[in-house]
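This report concerns only the one structure given below.
The values are calculated or read from the model by the stated rules, or taken from the named source; none is laboratory data. Note that the structure is a prediction, hence the values are computed from the model and not measured. Quick reminder, even Gly has a Cβ in these numbers, built from the backbone with ideal geometry, and neighbours come from all protein chains shown. When the accessible area is computed, the model is the full protein with side chains, heavy atoms only, and any ligands, DNA or RNA have been set aside. Shrake-Rupley method; radii C 1.70, N 1.55, O 1.52, S 1.80 Å.
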Amino acid sequence: RRGLGVAAGPPSTRHLREAEEAAPVFQYVGKAAKRKDRVFVWGFSYSGALGVPSFVKPDAGWKKPRRIQPTPYRLETEEKISSAACGYGFTLLASNTRDITKVWGMGLNKDSQLGFQRSRRDQTKGYEYVLEPSPIPLPLEKPQQTRVLQVSCGRAHSLVLTDSEGVFTMGNNSYGQCGRKVVEDEIYSGSHLIHQLKEFDSEVVQVVCGQDHSLFRTKKGSVYACGWGADGQTGLGHYNITSVPTKLHGDIAGVNIIQVSSYGDCCLAISDEGDVFGWGNSEYLQLASVTETTQVNVPRHLPFKIGKVKEAACGGTGNAVLTEEGNVFVWGYGILGKGPNLVETAVPEMIPPSLFGWSDFSPDIRVAHVRCGLSQFAALTNRGELFVWGKNLRGCLGTGRMEDQYFPWRVTVPGEVVDVACGVDHMVSLVRSFT
Amino acid sequence: LNAAPGRAPRQRVRFLPAPAPGGGGAVELVAARVPVLADHPLVRGPRFKKLKIGAGHRLDVKASGVFVLGVGHGNKLLTDLYNCHLTKVYIVGGLFGKATDDFSDTGNLVEKTTFDHITREKLERILAVIQGTNQKALLMYSNIDMKTQEAYELAVKGLIRPMGKCPPIITAVRCLQFALPEFQLEIHCLHETQQYLRKMVHEIGLELKSSAVCTQVRRTRDGVFTVDDALPRTQWNLQGIQEAIRNCQLKVETELERTLG
């Protein structure tokens, strides 16, 4: 109670300090707070590939459907997603949980590449377009023990890799890309068939889908392929279809392959010693360093003098590799990332590290991963930043602009990007929040 | 300054009458150089009555550091330096756990939060993202068409810089010291105000799910002028100023030539 004869003035410093110390302390997050994992999607949304139904069918009548999502949009998922893959108009998300539902799919389902999605209106038919992440029922023997390691999507088929039950394939099989015998006039839409592949020389550790073919890499370092071979992309020495996964020989016979990559009709494989092997389509000079022919049906060693290669990524017309020192080399045709003047090259050219944020001020920035879409490239740095470049088809680069990007450009994602999957016209990224 | 010897008075050739070498009376005109009377110090008065001093980029009352001033002709150089759009370097000190209304530690307290979950790693991640978004803004405001080869080449060398009006852009951030609850950052920026930097410290606190206030803002470099060129208070006299101007002249000229051509 202040005295009646004392004027009221600003509180003295001592009062302020005491009030400050007595103020309550809020705790927003504790010491053991974990970083949350999130999924961000962007690109063409009308096929439902982004998994947000309100983009295709808005909630209110006055709202217009969103055809393209030009910047990253957060997708709410029930579980933590550990692997994602983008196909041609559809997406697969997989989590390595032990629960019964392990894989979700969204987008085009005209060839049952997302399994059978029972339509609610007509119980006998399936959905042709899946607008939100829907569980894919896999015929697992031990559904509560098996974990899904990786998923991969091609043009109209998908592969799911599990740790103990081999590989599951679904979707279009007109070229044998699902690893089973081609049935004449088979109707793929609304099909319940999911094929299981187990006969490999050892456990399969990586599955990769090309446009109409599939590649399997086993623990022993050998590569199996099946599917369409008219461009030699199966690498089996002929240009016919293969409907059973068969082992590849050629220059990779006996070599321990640690990574395979493909998206269009060209394939690249990296050995543990850092050598690059390629086969398949070479119409865009992808393999022109060893041969003049436009189709190579046997794996050939590509003698590049760029150092030990750690990772490779194959696009439709261009390829990119990442070396041990963290440099990105590109070659092929199209927008390769070195300005509008470089349109095609048969020999790998390095992208200057300063475009990825390297400078005297921050000299320890390195590129950690490279990924390819059909005509786009994506690179992840060790600081968790995502750089994209290439043709900006229907907003798939995620830069917010609709123009093509001729050199690596940062994508603003609210979090640290852990992995990214590139498709034809959309991309999915797995992101961890900062705190 | 006025006591220093000024310009020598102008000389003029005048024909002065002088006695002829012959006998008395006859007057001859002889050419002689005489100082112009108008230049005499008693006629002209003190050389400098007022000095025009202009200030460079603004510095807050609560901030400290390098402050560039121009004297006389230097004011024109100041406008040229402003058009060069060079970066400034600040050392910003912050304190976790408090949030105030004017983002500095002398304001009214708004909120107190815990901060023991913050690690140096988390802070560096946030700083990397800030740098990333500002890098994008840098490229966008520099008004170069991204589709040209020229844009690619400038981007590789890192020479893209906005040459016109643009909002505050931070070109680089680095964490110098980190000792909970205090931390220190080195920030390189363009077109900023000190209050913007204090707001940035507050936003970093929010991003880390806590709160932060700014305790210290110190400018260590403004374009070409660094702390080493700056005059401390003890040297605010004529000799100090003249020497400083002489030392910096060459640097300023080379920088202006390089940027403005």
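Under the definition of Cα pairs under 8 Å and six or more residues apart, what whole-number percent is the relative contact order of segment B:146-261? Value for segment B:146-261: 12 percent. Restricting the GluC sites (Glu not before Pro) of segment A:1-78 to loop positions (DSSP other than H, G, I, E, B) with no more than 16 neighbouring Cβ atoms within 10 Å leaves A:76, A:78. The residue among B:242, A:144, A:378 whose Cα reaches farthest toward the positive pole of the charge dipole of the protein assembly as shown, with charges on the beta-carbon of Lys, Arg, Asp and Glu, is B:242. For B:246, B:12, the ranking by accessible surface with the largest value first comes to B:246, B:12, using a 1.4 Å probe. At a probe radius of 1.4 angstrom, the accessible area of segment A:197-356 per residue rounds to 35 square angstrom. Dividing the Cα radius of gyration of segment B:204-246 by its Kirkwood radius returns 1.30 for Rg/Rh. Put A:429, A:164 in order of accessible area, highest first, and with a 1.4 Å probe you get A:164, A:429. Two decimals is fine: what's Rg over Rh for segment A:78-208, C-alpha atoms, Kirkwood radius as Rh? Computed over Cα atoms, the ratio is 0.94. One equal scatterer on each Cα of segment B:35-79, no solvent, Debye formula: the resulting log10 I(q)/I(0) at q = 0.20 Å⁻¹ is -0.74.
Computed over protein heavy atoms with a 1.4 Å probe, the carbon and sulfur contribution to the accessible area of the protein assembly as shown reaches 53%. Distance from the C-alpha centroid of segment A:189-259 to that of segment B:58-76: 70 Å, rounded to the whole angstrom. Ligands, DNA and RNA are left out, and with a 1.4 angstrom probe the accessible area of segment B:1-49 is 89 Å² per residue. Ranking B:220, A:302, A:205 by Cα position along the charge dipole of the protein assembly as shown, where only Lys, Arg, Asp and Glu carry charges on their C-beta atoms, puts B:220 farthest toward the positive end. Across segment A:213-238, the residues whose backbone nitrogen lies under 17 Å from the label position 7 Å along the beta-carbon direction of residue A:163 are A:219.
Remark on chain B: ratio of C-alpha radius of gyration to 2.2 N^0.38 Å is 1.58.
Computed from the alpha carbon atoms alone, the convex hull of segment A:70-125 holds 128 Å³ per residue. Straight-line cross-link reach from residue A:181 at under 19 Å between alpha-carbon atoms covers these aspartates and glutamates, not counting any fewer than eight positions away in the same chain: A:111, A:199, A:212.
Under a 5 Å amide H cut-off, with hydrogens placed 1.01 Å from N, residue A:315 pairs with A:320 among residues at least 5 apart or on other chains. In chain A, how does Rg compare with the Kirkwood Rh, expressed as the Rg/Rh ratio over alpha carbon atoms? Result for chain A is an Rg/Rh of 1.09. Within the listed set A:34, A:198, A:247, the residue fluctuating most in the Gaussian network model of chain A (springs between alpha-carbon atoms under 10 angstrom) is A:34.
From Cα pairs below 8 angstrom and at least 6 apart in sequence, can you work out the relative contact order of chain B, rounded to a whole percent? Relative contact order of chain B: 23 percent. Farthest towards the positive end of the charge dipole of segment B:1-49, among the residues B:3, B:26, B:13, is the Cα of B:3, using unit charges on the Cβ of Lys, Arg, Asp and Glu.
In segment A:403-435, the residues that give up 30 Å² or more of accessible area when the other protein chains are added, compared with the chain on its own (1.4 Å probe), are A:406, A:407, A:409, A:410, A:412, A:434, A:435.
With a simple spin-label model that places each label point 7 Å from the Cα along the Cα-to-Cβ direction, the separation between residue B:143 and residue B:124 comes to 3.9 nm.
Compared with the direct C-alpha span, the chain from residue B:239 to residue B:253 gains 2.9 nm at full extension, assuming 0.36 nm per residue.
Only protein heavy atoms count here, probed at 1.4 Å, and on that basis chains B and A bury about 3500 Å² of accessible area in total. If R0 equals 22 Å, the separation of the Cβ atoms of residue A:292 and residue A:247 corresponds to a calculated FRET efficiency of about 0.20.
Remark: segment B:54-226 carries 45 Å² of accessible area per residue (probe radius 1.4 Å; ligands, DNA and RNA excluded).
In this structure residue A:301 has an accessible area near 60 Å², from a 1.4 Å probe over the protein heavy atoms. Taking Cα atoms only, the orientation of helix B:74-84 departs from the longest principal axis of chain B by about 30 degrees.
Please express the Cα-Cα pair-distance distribution P(r) of segment B:1-49 as a list of whole percents, one per 10 Å bin, running from 0 to the bin with the greatest distance. Computed distribution, short to long bins: 23, 32, 22, 15, 7, 0. Among the protein heavy atoms, those of residue A:35 account for about 60 Å² of accessible surface (1.4 Å probe, every chain in place).
The accessible-area loss of segment A:29-65 on complex formation, taken against its chain alone with a 1.4 Å probe, reaches 30 Å² or more at A:29, A:31. Between helix A:13-22 and chain A, what is the angle of the helix's C-alpha long axis to the longest principal axis, kept within 0 to 90° and rounded to the nearest 10? The answer is roughly 50 degrees. Roughly how tilted is helix B:238-260, in degrees to the nearest 10 and between 0 and 90, from the longest Cα axis of chain B? Tilt of helix B:238-260: around 70 degrees. With 30 Å² as the minimum drop in accessible area between chain alone and full protein complex (1.4 Å probe), the qualifying residues in segment A:355-400 are A:355, A:361, A:383, A:385. Given the pairs A:338/B:165; A:198/A:219; B:88/B:199, which span a C-alpha to C-alpha distance of over 19 angstrom in this model? Exceeds cut-off: A:338/B:165. Beta bridges per DSSP, both residues in the protein assembly as shown: antiparallel share near 95 percent. Charged side chains reduced to their Cβ positions (Lys and Arg at +1, Asp and Glu at -1) give segment B:1-49 a dipole of some 380 debye around its Cα centre.
Charged neighbours of residue A:416, selected by a Cβ distance under 9 Å, balance to +3 (K, R count +1; D, E count -1). For chain A, the relative contact order is 13 percent, taking Cα pairs closer than 8 Å that sit 6 or more residues apart in sequence and dividing their mean separation by the residue count. About its Cα centre, the protein assembly as shown has a charge dipole of approximately 3160 debye under the convention of +1 per Lys or Arg Cβ and -1 per Asp or Glu Cβ, with nothing else charged. A quarter of the convex hull surface defined by the alpha-carbon atoms of segment B:165-261 gives 8.7 nm² as the mean projection. Cβ-Cβ distance of residue A:79 and residue B:229, R₀ of 51 Å, FRET efficiency by 1/(1 + (r/R0)^6): the value works out to about 0.30.
Counting only chymotrypsin sites (Phe, Trp or Tyr not before Pro) that sit in a DSSP loop (anything but H, G, I, E, B) with at most 13 other Cβ atoms within 10 Å, what is the longest stretch of chain B containing none of them? In short, B:49-235.
Couplings for segment B:47-53, taken from phi via the Karplus curve 6.51 cos²θ - 1.76 cosθ + 1.60 with θ = phi - 60°, read 5, 10, 9, 9, 10, 8, 10 Hz in order; Gly and Pro are left as x. At what distance in angstrom do the alpha carbon centres of segment A:366-435 and segment A:124-155 lie from each other? Result: 25 Å between the Cα centres.
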